[in-house]
Amino acid sequence: MSNLRRNFSAGTYSVAVYFVGQMALTPLLLWFWGKETYAHWLVLFTIPAYFGFSDGGIANSLGNALAIAAEQQRWDEAGRMLRSVWRWQFLLWGGVFAVFVLGLVFLPLRSWLALLTVSPATFTVTALLLAIYSLWSLQNGYYMAVFRAGGEFARFVRVNGHVRIAEVIVLGGSVAAGGGLVVAALSLVVVRLVFTVWCHGQQSRLLPRIEFRHGAASWREFAALLPAGLGFLGFPVGNALINQGTTILVSHLGGPVAVVALNVGRQVARIFLQGVSILFQSIHPEISVAFAGHDFPRMARLQAKALTPVLWGAPVFCLGLAIAGPWAIDLWTHHQVLFTRGSLAAFGLEACIAGLGNASMLLGWATSRHLGLCVSYLVTQSAALGAAWLLYPGFALFGVPLAFAGATLLHAAYALWAGARVAQTSTWTVLREGCLGLPYRAALSGAF
């Protein structure tokens with residue numbers, strides 16, 4: 001089986017597990033906690049996303065650089081990169097955690113997050129546990145780079161799916177047993193710690209020609225990854241504006257009920273976006289390999305492979321969501337969250353355009369030629385958050401997805417143009433092959 005097929009299979013499993021887990025947890029948490037406590041959890045869960053900024057984008061930069069170095073048999077350089085990233089990220093994360101603790105002590109974070117009905121002790125302990133969970137989760141990027149270089153990227157994605165199942169079971173079980181916010185956060189920390197220990201034990205087997213002495217590190221090697229890494233950092237910042245930033249905005253303007261409705265609408269609408277992430281995970285490692293071998297035609301074909309299902313699937317998904325979505329959500333949430341067809345179609349439109357934007361970034365992402373994409377993403381998502389703030393008083397939740405859909409469409413157009421330049425082809429060629437599905441004609445004969 002080709003690497004692309006293995007990556008696709010593992011990515012499908014991982015995304016399916018994530019989606020089913022979210023679908024299972026939402027009604028369960030609503031049932032046992034009620035809307036108010038569930039809304040508090042959603043707001044508190046913005047903390048891991050903001051801690052993601054302390055990664056500095058190094059994980060993606062390391063993944064691309066290490067995959068290219070392994071393909072070209074530059075093992076000494078690969079070892080220096082791994083040791084340097086391990087050491088300096090550990091020190092960076094320790095500093096970030098210390099600053100966060102000081103913020104909990106001296107800043108009115110509970111007020112800023114509109115969580116004054118949560119007791120100070122519960123807020124502080126839950127926030128600390130979620131911070132620890134997020135820091136351990138950031139290690140995923142380092143270990144994913146190791147598995148990519150060792151030729152077992154698909155295995156890492158599959159095991160990560162197993163971990164998601166464990167998180168859902170442990171979290172759901174703890175809440176069903178009567179646990180509150182603190183117990184829920186602690187359950188996630190325990191599962192993530194076990195996964196981190198397992199990944200750490202796999203390093204020497206995957207890359208036997210590299211010596212994993214994490215004390216021997218070079219700032220120069222780490223600093224060399226920073227320019228690309230800081231560019232990658234723009235994407236989680238943009239995602240935070242879309243997800244966590246919007247959650248906090250809606251919490252202030254609409255209250256807990258609006259937060260729950262926002263979360264449910266986006267979960268259902270982003271079924272399409274999860275499908276796009278399968279393609280992204282499957283294809284971007286292969287683009288890195290093609291780039292290492294200067295195989296630009298293959299890079300363009302791989303980009304077109306990702307665009308075909310996105311372009312053809314988006315209108316079908318939006319239509320299906322508008323027809324069946326309100327009924328499905330009503331049944332799924334036990335009649336606690338209601339949507340009109342128009343408002344749900346707006347969420348579907350946002351997700352489909354976001355999927356197009358993500359698929360269009362493949363070439364820049366997999367080759368670390370992404371700095372322009374980063375700027376475009378940050379500008380468009382910042383503008384969208386501002387537009388959502390202006391539209392909410394007049395249009396309520398209906399205005400939020402429309403604001404982000406318009407901004408993301410502009411970013412997708414720029415990403416297509418920039419990616420075509422990386423592959424030394426034209427935007428029209430990539431878009432035309434994506435629309436016509438030419439790569440999938442070859443797939444039917446076994447080329448995929």
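The values are calculated or read from the model by the stated rules, or taken from the named source; none is laboratory data. Source: prediction; values computed, not measured. No Cβ is skipped: glycine too gets one built from the backbone with ideal geometry, and neighbour counts run over all protein chains shown.
Looking at region 1-34 only, could you name the residues that are of a type in the set (A, V, I, L, M) and not in a helix (DSSP H, G or I)?
Once the filter is applied, which keeps residues that are of a type in the set (A, V, I, L, M) and not in a helix (DSSP H, G or I), region 1-34 yields only Met1.
Scan region 68-104 for residues that are among the charged types (D, E, K, R) and not in a helix (DSSP H, G or I) and jot them down.
Arg74
Would you check if there is a residue in region 389-406 being assigned by TED's automatic domain parsing to the domain that holds Ala269, surrounded by fewer than 20 Cβ atoms within 10 Å (Cβ to Cβ), more than 21 Å from Thr247 (Cβ to Cβ) and among the small types (Gly, Ala, Ser)?
no
Kindly check whether there is at least one residue in region 398-414 that is part of a helix (DSSP H, G or I), of a type outside the set (Val, Ile, Thr), at pLDDT below 85 and in contact with a Leu (Cβ under 9 Å, 6 or more places away or on another chain).
Yes, region 398-414 has at least one match.
Suppose the filter is assigned by TED's automatic domain parsing to the domain that holds Leu82, part of a helix (DSSP H, G or I) and under 23 Å from Thr37 (Cβ atoms); does Val189 pass it?
Yes: the conditions hold for Val189.
Quick one: in region 280-321, of everything that is crowded, with 19+ Cβ neighbours inside 10 Å and of a type in the set (Gly, Ala, Ser), which residue is modelled with the highest pLDDT?
If we take residues in region 280-321 being crowded, with 19+ Cβ neighbours inside 10 Å and of a type in the set (Gly, Ala, Ser), then Ala314 is modelled with the highest pLDDT.
So how many residues does region 120-165 have that are at negative phi and either among the small types (Gly, Ala, Ser) or not assigned by TED's automatic domain parsing to the domain that holds Gly63 (or both)?
11
Tally up the residues in region 410-430 that are closer than 25 Å to Gln244 by Cα and surrounded by 18 or more Cβ atoms within 10 Å (Cβ to Cβ), please.
Residues meeting the conditions: 4.
Can you name every one of the helices (runs of 4 or more DSSP H) wholly within region 265-384 that holds 2 or more residues which are farther than 21 Å from Gly63 by Cα?
Filter on region 265-384 gives 271-292, 296-332, 341-360.
Quickly run through region 68-109 and pick out the residues that are basic (Lys, Arg) and under 21 Å from Asn140 (Cα atoms).
Arg80, Arg83, Arg87
Quick one: which of Leu91, Leu102, Leu116, Leu181 is surrounded by fewer than 21 Cβ atoms within 10 Å (Cβ to Cβ) and closer than 22 Å to His40 by Cβ?
Leu116
Among (1) over 17 Å from Val85 (Cα atoms); (2) modelled with pLDDT under 80; (3) of a type in the set (Lys, Arg), which single condition is Arg213 missing?
Here Arg213 meets the rest and fails (1).
Kindly indicate the residue of region 150-186 that is charged (D, E, K, R) and assigned to a helix (DSSP H, G or I) and also modelled with the highest pLDDT among those meeting that condition.
Glu167
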